[in-house]
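The values are calculated or read from the model by the stated rules, or taken from the named source; none is laboratory data. Just so it is clear, the model here is predicted, and its values are computed rather than measured. Note that each Cβ is placed from the backbone with ideal geometry, even for glycine, and that neighbours are counted across all protein chains shown. Surface accessibility is based on the protein's heavy atoms, side chains included, excluding ligands, DNA and RNA. Shrake-Rupley method; radii C 1.70, N 1.55, O 1.52, S 1.80 Å.
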Amino acid sequence: MSKKFYLFIALLIIGVVASLAIYLQFTPNPSASTIAKPPAKKTGYQPYKHKNLAPYNGPVEHLFFHPLIAYPKKAFRGDFQSKEMDKWFVTIPEFHRILDSLYKRNFILVNINDVYGEIEKNGEKVIERKKLMVPKGKKPIIISIDDLNYYQENHIDYGTVSKLVLDKNGEIATLSVDEQGRKVISKNNEIVPILDDFVKKHPDFSLNGAKGTINLTGYEGILGYRTNVKKYNPATRQFDLDNPQYQKEREAVKPIIKRLKETGWNFASHSYHHRDHSKITLEKLIDDSTKWKKEVESLVGPTKIYVYPFGASIPAGDPRIEHLYKMGFRIFQPVGSQTYEEYHGKMLFIDRRHADGIGLRKQAHLFTDLYDAKSILDTKNRPANPGY
Ligand SMILES: [Zn+2]
């Protein structure tokens, strides 16, 4: 080979390296461009700017609800499920009264993701309270809604709305079937639109625009959209029927999720199948959480929050909770009647308090800091004797 040839090869290599360097320098990094925030879009939702903020280290309350009973006559018809509705749900007037009481008592809504965060300490990741700045005199509270999925047989048929929709102004409303069988679009019969309106009227009730956390299962879809890949088969008692609608339903729910996120709502996992976690096997839990990720997280985005079905928890150190940790969950929430935080280094357990018929009827003394249960209870719509 001639010297000229080697020189040609060397120049070629230098040329390729140089042009590659120039290319990389002037080509935007694709991951950086997706991280960069797009220009602020007008969403019509501007968080209130609070003054007199001070660091807050006291307790952060957490109150959770189920979907509201929009049609009490469907709910309270005197059978087994009616009793369940009375125990675990609240009516529209009750929800309004609870909000009024919380506001009057100087509570302020906060986003759970602004309260707790994962930080690195001595090379290990731990979950801790974040520095929370709250207006002086206000007490932070997290509100969440479990099972905002709208299961047909035990929710919709018993008087909840059917789904969340967007109204003609692009705001969250509900679609439901009233007691006369007519289809209704409304903003007055479910927690999301009622709370949206309440914060519109009382913007100082929300810190940084926070509304609440929506805790979703997946086996019957989410928010009233049947996004589940398989349906329940009564013949085999398994979820082994194909749901031909699921792709269409996934597309249909996306604008609802987008609007919820724009207006202060966030999401958490309530497992896929809503099975009792105190008895669930590791194998079943792996299947359950994999389905949740595939069918629900793929729509609502990742979350660190895991809300136990039936409030039944898994102890620290158990292989099942280690699996959930591996799946990305850090904050685990059973149900309790008092505010309670238990730090386990990389995980955090927090009890949530329940706003429901049992609490209003039987446990008034446990909620006196939040409301006077006697004046909240909807005696007009609830049965005089609930039978429990
Ligand atoms: Zn639940």
**Request:** Answer yes if at least one residue in region 101-109 is hydroxyl-bearing (Ser, Thr, Tyr), within 22 Å of the chain's Cα centre (by Cα) and not in a helix (DSSP H, G or I), and no otherwise.
**Result:** no
**Residues satisfying the stated conditions in region 306-323, i.e. modelled with pLDDT of 95 or more and either within 16 Å of the ligand (Cβ to nearest atom) or farther than 15 Å from Leu282 by Cα (or both)** = Tyr306, Val307, Tyr308, Pro309, Ile314
**Request:** Starting from region 264-279, keep only residues that are under 12 Å from Gly311 (Cα atoms), then list their pairs with residues that are within 11 Å of the ligand (Cβ to nearest atom) and open to solvent by 10 Å² or more (accessible area, probe 1.4 Å) whose Cβ atoms are within a distance under 6 Å, requiring at least 6 positions of separation or different chains.
**Result:** Asp276/Phe310; Asp276/Ala312; His277/Ala312; Ser278/Ala312
**Message:** Residue under question is Phe332, and the condition is that it be within 16 Å of the ligand (Cβ to nearest atom) and open to solvent by 40 Å² or more (accessible area, probe 1.4 Å); does it hold?
**Reply:** no
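Yes/no matrix, rows are residues, columns are (1) crowded, with 20+ Cβ neighbours inside 10 Å; (2) hydroxyl-bearing (Ser, Thr, Tyr); (3) without any contact (Cβ under 8 Å) to a residue 60 or more places away in the chain; (4) closer than 30 Å to Ile222 by Cβ:
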{"position": "Arg105", "(1), (2), (3), (4)": "no, no, no, no"}
{"position": "Leu109", "(1), (2), (3), (4)": "yes, no, no, yes"}
{"position": "Glu120", "(1), (2), (3), (4)": "no, no, yes, no"}
{"position": "Glu124", "(1), (2), (3), (4)": "no, no, no, no"}
{"position": "Arg129", "(1), (2), (3), (4)": "no, no, no, yes"}
{"position": "Pro135", "(1), (2), (3), (4)": "no, no, no, no"}
{"position": "Ile142", "(1), (2), (3), (4)": "yes, no, no, yes"}
{"position": "Asp146", "(1), (2), (3), (4)": "yes, no, no, yes"}
**Message:** Going residue by residue through region 154-162, is there one that turns out to be touching a helix residue (DSSP H, G or I) at 6+ places or on another chain (Cβ under 9 Å), under 23 Å from Leu195 (Cβ atoms), more than 16 Å from the ligand (Cβ to nearest atom) and open to solvent by 10 Å² or more (accessible area, probe 1.4 Å)?
**Reply:** yes
**Prompt:** Residues of region 290-310 being open to solvent by less than 20 Å² (accessible area, probe 1.4 Å), under 20 Å from Val115 (Cβ atoms) and either assigned to a helix (DSSP H, G or I) or of a type in the set (Lys, Arg) (or both), which ones?
**Reply:** Val300
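Please pick out the residue among Lys49, Lys74, Lys87 that is among the charged types (D, E, K, R), more than 16 Å from the ligand (Cβ to nearest atom) and farther than 20 Å from Glu179 by Cα.
Criteria check complete, one pass: Lys49.
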**Request:** Take the residues in region 114-148 that are within 23 Å of Leu99 (Cβ to Cβ) and part of a loop (DSSP other than H, G, I, E, B), then tell me which one is nearest to the ligand (Cβ to nearest atom).
**Result:** Asp147
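Residue-by-condition table, conditions (1) assigned to a helix (DSSP H, G or I); (2) in contact (Cβ under 8 Å) with a residue 24 or more places away in the chain; (3) open to solvent by 70 Å² or more (accessible area, probe 1.4 Å):
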{"position": "His50", "(1), (2), (3)": "no, yes, no"}
{"position": "Pro67", "(1), (2), (3)": "no, yes, no"}
{"position": "Lys73", "(1), (2), (3)": "yes, yes, yes"}
{"position": "Gly78", "(1), (2), (3)": "no, yes, yes"}
{"position": "Lys83", "(1), (2), (3)": "yes, yes, yes"}
**Prompt:** What number of residues in region 311-338 are in a loop (DSSP other than H, G, I, E, B) and either without any contact (Cβ under 8 Å) to a residue 60 or more places away in the chain or small (Gly, Ala, Ser) (or both)?
**Reply:** 13
